Structure formats: C-alpha cells, structure tokens
Amino acid sequence: MLALKADSAFLGLQLSINSDTLLWNGFAIASNRLARVLLIQINIFRQKKNMLIIGIAGGSGSGKTTVVRQMMHSFSATQVALLSQDSYYRDLGQLEADKKRKLNFDHPDSIEFDLLVNHISQLRSGNIINQPLYDYITSSRLAETVIVKPHNVVIIEGLLLFTDKRIRDLCDIKVFVDAEPDDRLIRIIERDMRERGRDAKQVIERYQVVKEMHQQFIEPTKRFADLIIPQGGENKVAINLLVATISLKLMQ
C-alpha cells in the first residue's frame, strides 16, 4: 500500500493506494490508472516553481536506492538530477583503522548537512555543483567529484535526509520508503558485504547500532513524509505515481 498523508498542501485529501484500489477519505473510488491521474492533478500546484525537488528517505536497507533506480529508468541524466546523501558523509580518512570500524554511519552527525544544503540551494538557484564521491572502505572522500547540473527535477536520496529541517523545507515532495525490519536486515547484510568490505559477523554485530539509530532518528521522520511507500522497489504503483508526477513536470 502507498499512503499519502493529508495536509493543507494536498488540499485536505486522504488517499491510500494498494495494487487494486484508490481510497478517498475512506471510500473506494478508483483503479490504479485513475489514482495516478488524481495524484498528478493534486501535485500540479507544487510544480509552479522552476524546480521540483523530491526527497526520498527511509531506513537502512528499506529499498530507497531501488526505488530511485527504477524511477531513473524512465528518465535520462539530462532530465533529472540525482543527489545521494551517501556522498556527503564526513571525510574521516585520517582516522586509524580501529576507529573507522566503529564509525556510526546511521547517526545524523556523520553527514555534512551544511554542504548538502548548500548544494541543493545552489542547484535551485541554477548553479552547477561538484558532488563529492565517498569511499566506504577508507571512510574518505575521493579526489574526483561528479558534476551535477540544475534540471527541472532533482531527486535527493538518503536515510537521514528528513532529520535536517532545512532539507525538509527545500523538498517539494517528501517520500519515506518503508520495509519490515527482517527484510531490511537481509538487504543490509548483502549490501555491506558487497560494498563496504564487511563480513556477515561484522554486519550482524553492527545491526544493533543500526536498529537503535533507526528507532531514534529515522523512524520518527516518517511523520514528515507526504508519501509513505511500503515494500520498497516492489511497490510498482508508488514508483509509477512518482514517475508520472516527474513526467508532468518535464512536459512544462
């Protein structure tokens, strides 16, 4: 199910969508196709700005990156700009190896939010930025950067995005990707072994910290979301809704 939280920005509507039915204020009224059309119309007012900024947050292993990847299949890099919170982890390459192994990447203090906010603001002002590249193995930023140009649509993805009010305020649409804890753990094990040089034992030992950080910092930010997407990349309806909204913006 995709839950759309009611607020004044969404004209007071309460919508929830599963694979078959759209519920409007508790009444089943439409199929997927009409649901997509309705949500597009609801979002039209948001697209009066020169740039549409979509923030996508959620717990570690929730499927955020999969959602973004599937969305980007519908667009080119010349249409939609993509920023990853992971690129803005603090450069800690100078630390000793033992200290690096104890780093907590799930705490807001691990992110250089000032730089991320500055880069988002620069894009909104029409300026090109140099997005950092981060190496989890060395816990340091690479010398290379990625040039990101301002486009009509910018997607920002990261588990801790909504812990920073400045970023929440910069986002026109805030999306929270949700998943069951067991599903997230499986994905975390697979990812950390593949991308971050950890073995299964290290990942499981670290998961207690991940769980605590999720409960303390990440789960509470769900209340700020306009869209809550359960099942991550498997939620095709939700992904199609976001793709349709972006497509409408690009047609302007």
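The values are calculated or read from the model by the stated rules, or taken from the named source; none is laboratory data. Source: prediction; values computed, not measured. Cβ placement follows ideal geometry from the backbone for every residue including glycine, while neighbour counts extend to all protein chains displayed.
Those strands (runs of 3 or more DSSP E) of the stretch 133-182 in which at least 1 residues are within 11 Å of the chain's Cα centre (by Cα), considering only elements entirely within it, cover 153-157, 173-178.
Assess whether I155 counts as being modelled with pLDDT of 95 or more and touching a helix residue (DSSP H, G or I) at 6+ places or on another chain (Cβ under 7 Å). When the stated conditions are applied, I155 passes them. When D109 is tested against (1) in contact (Cβ under 8 Å) with a residue 60 or more places away in the chain; (2) within 25 Å of T221 (Cα to Cα); (3) not aliphatic (A, V, I, L, M), exactly one condition is not met: (1).
Quick one: which residue in R141, R168 is in contact with an Asp or Glu (Cβ under 8 Å, 6 or more places away or on another chain) and surrounded by 14 or more Cβ atoms within 10 Å (Cβ to Cβ)?
Details: R168 fails: in contact with an Asp or Glu (Cβ under 8 Å, 6 or more places away or on another chain).
Exactly one residue qualifies, and that residue is R141.
Can you pull out every residue in the stretch 230-252 that is closer than 18 Å to A179 by Cα and either modelled with pLDDT under 85 or in contact with a Lys or Arg (Cβ under 9 Å, 6 or more places away or on another chain) (or both)? Q231, G232, G233, E234, V237 - these are the residues of the stretch 230-252 that are closer than 18 Å to A179 by Cα and either modelled with pLDDT under 85 or in contact with a Lys or Arg (Cβ under 9 Å, 6 or more places away or on another chain) (or both).
Here the condition is being outside any loop (DSSP other than H, G, I, E, B) and farther than 20 Å from D172 by Cα; of D114, D86, D106, it holds for D86 alone. Criterion applied to A35, A57, A28 was being at pLDDT below 65 and crowded, with 21+ Cβ neighbours inside 10 Å, and the one residue passing it is A35. Residue count for the stretch 124-147 under the criterion of being within 25 Å of I218 (Cβ to Cβ) and hydrophobic (A, V, I, L, M, F, W, C): the result is 2.
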